[in-house]
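The values are calculated or read from the model by the stated rules, or taken from the named source; none is laboratory data. Small disclaimer: the values here were computed from a predicted structure and weren't measured. Because the Cβ atoms are built from the backbone with ideal geometry, glycine has one as well, and the counts that use them run over all protein chains shown. Note: accessible area is taken over every heavy atom of the protein model, side chains too, but ligands, DNA and RNA are not part of it. Shrake-Rupley method; radii C 1.70, N 1.55, O 1.52, S 1.80 Å.
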Amino acid sequence: MNIKSMTIWLLGPTSSGKTTIANNVFKNLNKKKFPIMHFDGDEIRNFFGKDFGFNETNRMKVIETLVHLSLKSNNSGIPAIVSALTAHETARNYIKTKIPNLLTIYVKCPISVCAERDPKGLYKQASSGKINTLIGYNSKYIPPKKPDFIINTNKKNIKQCTNELLQFLSL
């Protein structure tokens, strides 16, 4: 697989560590003068604001946008790392059919641990009834069937997880 046209897609439940690991990989590679782009599902959602809700159609719009951005990056010879929930099989199949050089990385973490971390307070909002769209709380998070690699953030710290991914990628 050509690293310059690769997309590394980190998926997992909310608060599992996807964005943190992607940010660390991005920073690590930039220090080495290795070009890479990082695209995050929350950034896309924040950019478009209220236009992107949390129903399945809107979730797919976020995924489609992330796929488009990663392909633009890949076509320019720059690998992309994407961090996004990607909870539904429809979305997972979409990225697999649209991105030729794709590695899916499952950021595995029990929902109970994710809820303890809860940096954005989403699990707290879900438990109080303020939101009812949190996958993993209001509906089940179903792990991907055959990811290319699994990082267990419940068993290792972020630095170890980052190094494990970099080692897997041979970077």
Would you please report the Å³ per residue occupied by the convex hull of the alpha carbon atoms in the range 78-166?
-> 123
For LEU10, distant residues with modelled amide H under 5 Å away = VAL82, SER83, ALA84, ILE105
Based on the Cα atoms of the range 49-88, what semi-axes does the equivalent ellipsoid have, where each is the square root of 5 times one gyration tensor eigenvalue, given in whole Å with the largest first?
-> 22, 10, 7
Any idea what % of Cα-Cα pairs in the range 1-46 are farther than 12 Å?
-> 67
So, by mean Cβ neighbours within 10 angstrom, what's the order for 102-114, 23-35 with the highest one leading?
-> 102-114, 23-35
GNM on the chain, Cα springs under 10 Å; top mean-square fluctuation among ILE151, ILE36, ILE131 goes to ILE131
Nearest-ten-degree value, helix 89-98 long axis tilted from longest Cα axis of the chain = 20
Hey, can you find the accessible area per residue of the chain for me, probe 1.4 Å, expressed in square angstrom?
-> 54
